[in-house]
Amino acid sequence: MEEVSFQMFAELFFHTLGFWWIIIPAMLLGLIVGAIPGFSAANTIIILLPLTFAMEVEQGVVFMVALYASSRMGAGIPAILVNIPGTAGAAATPLDGYPMARAGLGQQALAMSFVASTAGGLLTTIIALIAMPWLAQVAFFMHSVEMIVVMLFGISLIATIAAKNTLKGLIAGLFGLMIGAVGTDFVYETPRATFGFLELYDGIPLVPALVGLFAISEAFLVIEGESILTRRGKELMDNPSWKASIEGIRMSVKRWWHITWCSLIGLVIGVIPGAGASIASFVAYQQSRSYSKTPELYGTGHPEGLIAPEAANNGVTSGTLVPLMVIGLPGGATAAIMLVVLQFHGVNFGPQLFGERPEIGFGIFMAMAVTYLLMIFTILPLSRYMTKVTIVSTAFMAPVIISFTLVGSFVPREFGFDMALALGFGVLGYIARRTNYHVAAILIGIILGPLLEQFFLRAIRMANGDLTVLFSSRIGNGLWIALVVTIALPYVLDHLRARRRRRETA
Amino acid sequence: MQDDTEASQPRKRALGAELVIPVAALAFTIYYFYTILEAPWTAQASAFFIGTILIILSLVFIGLTFRWVAKGEGDWSFHTLFEPHEYVKLRLALFALTVGYIAVISFLGFTITTFLFLVLAMLLLNRGRRAKLCLSLSAILSVGGYLLFVVAFDTNFPEGPFEILMNGIL
């Protein structure tokens, strides 16, 4: 591997900065596509493949990376302002972001989300750049058994997220897992619970589920008010100023440690192929709540509940590129598309890449770092003016949400069926919201269902049906212990806090 | 006086509505099991494991519901799903328009269907007022959407007469 030095990084930084004319348009495009459900960075890179194939390899890399990184930040914008995550990775963002927007603190919430995204993304990119050889080892140690425990971490969050009623949270999450297991099985391709629809043989498509559970159900609910804002929120929005954005920045800078460790959670989970931003953001959210002094405020507009998922899902961005560059194993969908483009340009992955073509090997991370640096300049204007969305009358907003998100659910597979499916999920989401079942819990289940089944089957088949394989690895067992501690810790901390309160009042 | 007392009392939980999700989960799981009864074990293992837990939890919730009703904490009503009552008709009409949008879009294409849906839905939600604004906004959004997504991003949206005509022109 190339001798790593400060001078080399400095030269690479200024070299990459020279591509600002590619980074800025790609960044703006990424912010837009990230904010629209159904238009992920992966889809957009696929659409623009002819463009990236035609570019010089370095230019293509910079373009894809800038688009990828900014789309993560863009996905948080509708999640906060209208309760519709742009991608599944931002599904935990509205839990505290939307209540803030409703209370007229949308500007503050956006500023916090942007700071968490840029700072978290920048920090993890720098760490990935320096610690790449060691981070790549994580992917080598994560086999099926370890992945099952990581998935179970995700599932344990279901009950925690819906902590006001754990039973309802578990029912919603397990219902999601069952829905996520619709389609053919991974070995013999036996169709399961497809209601005879060929369109469901590949499983439940994620975008219609996301659109239905969040966007459509929200649109049918918001029509009850003139706008999504509460009375206090309206008063605050009547007097907009830069102060709210600056306050949001100040609040997030004050929580720099929170941003740091949540983005590190994202980085480590991102390195694990298949885990992804959705799991990372929920794991970070749950960890943040577990160690919070005010866990009862999570879900009501808690600043740390917003910072945690945004820092984590941006930490994932650099994490997914680590196994791609070091062992040629993409950590996610967008990384997989980048692999195709880079292979088209004749780039060979592996340790030799960093010696032979450091401008690509290290350059991909430097491009991400430069993108995050440039994104800092968008924080103030974006948070100041995008908040205006919240004052739009729901009589205009609801039809726009319904029509554009339904068409968004059509885009990935181009099946009219997917729009009807999104409406079906919309009805489910509406009932769930009205009866206090968490739609995010159903969504986590749908995301994790097929993944869990895949790893479960792989582990069992390799062990010839022996279930004790689940406890056969040292790392796996360590993760099992960590899982139990994670589930038990909130109860222990609650107990300790109650005891301290009793002692203080006595 | 009696009315005042009733109004000040907290409303009972609409447990009929709260049962919709567990009952749906139960029905879906049973249907799922039915489809995998004769499937190889690889198709069954994970589903039986998760499904069994889901059935147990749903039955626990149903059992608890009977207890809550017996204790007077709730009733079998569905009122939370339909409140506030003055919005029921509006919501149903919007739902019907959405069903129409999905049904028609494959024939009329994105631009025309979106325009029609936006005009009708905006007029509906504005209760017939601000017609000019509804019309102009719908036109701008549907044509703007076409230009942004189809022309600029080259996205494959459902095609209809407008898109076919524009393909010929552009």
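The values are calculated or read from the model by the stated rules, or taken from the named source; none is laboratory data. Only a predicted model underlies this, so the values are computations on that prediction, with no experimental measurement involved. For neighbour counting, all protein chains shown are included, and Cβ atoms are generated from backbone atoms with ideal geometry for every residue, glycine included. Please note that ligands, DNA and RNA were not included when accessible areas were found on the heavy atoms of the full protein model with its side chains. Shrake-Rupley method; radii C 1.70, N 1.55, O 1.52, S 1.80 Å.
For A:F344, the conditions (1) open to solvent by less than 10 Å² (accessible area, probe 1.4 Å); (2) at pLDDT below 85; (3) in contact with a Phe, Trp or Tyr (Cβ under 9 Å, 6 or more places away or on another chain) all hold with the exception of (1).
Taking the conditions exactly as written (of a type in the set (A, V, I, L, M, F, W, C), touching a residue at least 24 places away in the same chain (Cβ under 8 Å) and outside any helix (DSSP H, G or I)), does B:F162 satisfy them or not? Judged against the criteria, B:F162 is not a match.
Among the residues of the stretch B:143-159, those that are in contact with a helix residue (DSSP H, G or I) (Cβ under 9 Å, 6 or more places away or on another chain) and part of a helix (DSSP H, G or I) comprise B:V143, B:G145, B:Y146, B:L148, B:F149, B:V150, B:V151. For the stretch A:138-156, the tally of residues that are at pLDDT 75 or above and among the aromatic types (F, W, Y) stands at 0. Of all residues in the stretch A:403-433, those that are under 30 Å from B:A14 (Cβ atoms) and not basic (K, R) total 15. The numbered conditions (1) touching a residue at least 40 places away in the same chain (Cβ under 8 Å); (2) buried (at least 18 other Cβ atoms within 10 Å of the Cβ) are all true for A:P191 except (1). The one condition from (1) open to solvent by 20 Å² or more (accessible area, probe 1.4 Å); (2) assigned to a helix (DSSP H, G or I); (3) more than 9 Å from every other protein chain (Cβ to nearest Cβ); (4) touching a residue at least 24 places away in the same chain (Cβ under 8 Å) that B:S77 does not meet is (2). Among the helices (runs of 4 or more DSSP H) confined to the stretch A:194-255, the ones with at least 1 residues that are modelled with pLDDT of 85 or more are located at A:206-210, A:217-222, A:242-254. Out of the residues in the stretch A:171-188 that are β-branched (V, I, T) and surrounded by fewer than 24 Cβ atoms within 10 Å (Cβ to Cβ), state the one that is farthest from A:I447 (Cα to Cα). Out of the qualifying residues, it is A:V187. A:N464 meets the conditions (1) within 8 Å of chain B (Cβ to nearest Cβ); (2) outside any helix (DSSP H, G or I); (3) open to solvent by 50 Å² or more (accessible area, probe 1.4 Å) in every case but one. The failed one is (1). Among the conditions (1) surrounded by fewer than 19 Cβ atoms within 10 Å (Cβ to Cβ); (2) in contact with a strand residue (DSSP E or B) (Cβ under 9 Å, 6 or more places away or on another chain), A:R458 misses just one, which is (2).
One residue stands out in the stretch B:61-74 among those that are more than 14 Å from every other protein chain (Cβ to nearest Cβ) and under 19 Å from A:L167 (Cα atoms): the one that is least open to solvent (accessible area, probe 1.4 Å), namely B:V69. Considering (1) more than 28 Å from A:D185 (Cα to Cα); (2) at pLDDT 95 or above, the lone condition that B:K12 does not fulfil carries the number (2). Candidates A:G266, A:G299, A:G315: the one that is within 25 Å of A:Q108 (Cβ to Cβ), within 18 Å of the chain's Cα centre (by Cα), assigned to a loop (DSSP other than H, G, I, E, B) and in contact (Cβ under 8 Å) with a residue 60 or more places away in the chain is A:G299. Say whether the condition of being closer than 26 Å to A:I279 by Cβ, surrounded by 21 or more Cβ atoms within 10 Å (Cβ to Cβ) and away from chain B (no Cβ under 14 Å) is met by at least one residue in the stretch A:412-426. Within the stretch A:412-426, none of the residues are closer than 26 Å to A:I279 by Cβ, surrounded by 21 or more Cβ atoms within 10 Å (Cβ to Cβ) and away from chain B (no Cβ under 14 Å). Filter the stretch B:100-142 for residues that are open to solvent by 40 Å² or more (accessible area, probe 1.4 Å), part of a helix (DSSP H, G or I), free of Cβ contacts under 8 Å to residues at least 40 places away in the same chain and out of contact with any helix residue (DSSP H, G or I) (no Cβ under 7 Å at 6 or more places or on another chain) and give the result. Residues satisfying the conditions are B:A103, B:L116, B:K132, B:L133, B:S136, B:I140. The conditions of being open to solvent by 10 Å² or more (accessible area, probe 1.4 Å), aliphatic (A, V, I, L, M) and in contact with a Leu (Cβ under 7 Å, 6 or more places away or on another chain) are not met by A:I442. At the interface with chain A (Cβ under 7 Å from one of its Cβ atoms), more than 19 Å from A:V427 (Cβ to Cβ) and open to solvent by 30 Å² or more (accessible area, probe 1.4 Å): does that describe B:I53? So B:I53 passes the test. Can you say whether A:I179 is among the aliphatic types (A, V, I, L, M), out of contact with any Pro (no Cβ under 9 Å at 6 or more places or on another chain) and in contact (Cβ under 8 Å) with a residue 60 or more places away in the chain, as far as the supplied structure shows? Yes, satisfied. Does A:I446 fit the bill of being touching a residue at least 40 places away in the same chain (Cβ under 8 Å), among the hydrophobic types (A, V, I, L, M, F, W, C) and either more than 10 Å from chain B (Cβ to nearest Cβ) or outside any helix (DSSP H, G or I) (or both)? For A:I446, the condition - touching a residue at least 40 places away in the same chain (Cβ under 8 Å), among the hydrophobic types (A, V, I, L, M, F, W, C) and either more than 10 Å from chain B (Cβ to nearest Cβ) or outside any helix (DSSP H, G or I) (or both) - is met.
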